[in-house]
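The values are calculated or read from the model by the stated rules, or taken from the named source; none is laboratory data. Because the structure is predicted, anything quoted here is derived from the model rather than measured. Positions of Cβ are generated from backbone atoms using ideal geometry, with glycine treated the same way; all protein chains shown enter the neighbour counts. Keep in mind that these areas ignore ligands, DNA and RNA; they rest on the heavy atoms of the full protein, side chains included. Shrake-Rupley method; radii C 1.70, N 1.55, O 1.52, S 1.80 Å.
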Amino acid sequence: MAETARQIADDLRARISSGELTPGDRVPGEPALVREYGVAKETARRALTLLVDEGLAVRRRGSGTYVREFRPIPRVANKRLAQDGWGAGKSIWDADLGDRQYTVTDLQVYESEPPRQVAKLLELDEGEPVVVRSRRYVVEGEPVQQATSYLPAKDVRESPITQENPGEGGIYGRLADLGLKPVRFTEELRARMPSQEESSLLALSAGTPVVEICRVAFTANGRPIEVNQMLLDAGVYVMRYHLES
């Protein structure tokens, strides 16, 4: 890709960040960029494609390219997993979204043999079943995350965790009720390009990457009690960490 396309995209990104171009505004089109920067039409098209791929802009057929109106979601791992949230009956999503609305779609709860890596993380014997909770999160009409939790079936089989709505505080609240309160978490993150099926699942624009997160929850005695595999639209999330030395 020509360097000038990146320079143009950088300029447009700066105009969005500064507020010169606000959500819903039309981004200068290819003819305007050709005139302003003295570049070929293909270079202007690539610059606009960069903004779309980054999740900053959207294309509207027959109309042009517009600054995306969807506000990024700040994901603060430290805050969303704090016990004073789910322990008080709140959803961990409240920490991310505040008063923004979200829905859970395509919810499935069932018992199954886990993938090999999940069984290893949960320290299960071969063939031991898990309760699987698979769901997709939609914020303001846009699918932003697919998540699948795995919990040892022997521990949660007779609990509300096997129901579609586990109650206030979610599955962590119910684990606490069972004497299996999660007190420590680990998360591994990696960015990658999605498969065709994943792009369709999250309604991703061409070229948009995903962030894959694997979280393991541990009880006070160090036992792994849940594995949550998440797939996030990288174009709508900001990963934020609060660290203290």
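Tabulated data for the structure shown
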read-out: Qualifying residue in region 149-170 (condition: under 28 Å from Ala203 (Cβ atoms), open to solvent by less than 20 Å² (accessible area, probe 1.4 Å), part of a strand (DSSP E or B) and in contact (Cβ under 8 Å) with a residue 12 or more places away in the chain); value: yes
read-out: Residue satisfying all of: in region 188-210; assigned to a helix (DSSP H, G or I) and in contact with a strand residue (DSSP E or B) (Cβ under 8 Å, 6 or more places away or on another chain); least open to solvent (accessible area, probe 1.4 Å) among these; value: Glu198
read-out: Qualifying positions in region 54-97 - modelled with pLDDT of 75 or more, exposed (fewer than 15 other Cβ atoms within 10 Å of the Cβ) and part of a loop (DSSP other than H, G, I, E, B); value: Arg61, Gly62, Ser63, Glu69, Arg71, Pro72
read-out: Any hit, region 202-214, residues being acidic (Asp, Glu), over 22 Å from the mean Cα position of the chain (by Cα) and at pLDDT 95 or above; value: no
read-out: Unmet criterion (only one of (1) more than 21 Å from Pro166 (Cβ to Cβ); (2) part of a strand (DSSP E or B); (3) free of Cβ contacts under 8 Å to residues at least 24 places away in the same chain) for Tyr110; value: (1)
read-out: Contacts under 6 angstrom Cβ, first residue in region 208-228 being under 19 Å from Arg80 (Cβ atoms), partner among the hydroxyl-bearing types (Ser, Thr, Tyr), 6 or more apart; value: Val216/Thr186; Ile225/Thr219; Glu226/Ser149; Val227/Tyr150; Asn228/Ser149
read-out: Residues of region 223-241 classified as of a type in the set (Val, Ile, Thr) and closer than 30 Å to Glu123 by Cα, total; value: 2
read-out: Residue selected from region 1-53 under the condition open to solvent by 80 Å² or more (accessible area, probe 1.4 Å) and among the small types (Gly, Ala, Ser), by the criterion modelled with the highest pLDDT; value: Ser18
read-out: Answer residue from region 117-148, given it is assigned to a helix (DSSP H, G or I) and closer than 25 Å to Leu202 by Cα and is least open to solvent (accessible area, probe 1.4 Å) among those; value: Val118
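Per-residue answers, yes or no, for (1) part of a loop (DSSP other than H, G, I, E, B); (2) closer than 17 Å to Thr148 by Cα; (3) open to solvent by 30 Å² or more (accessible area, probe 1.4 Å):
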| residue | (1), (2), (3) |
| --- | --- |
| Thr186 | no, yes, yes |
| Glu212 | no, yes, yes |
| Gly222 | yes, no, yes |
| Glu226 | no, yes, no |
| Leu231 | no, yes, no |
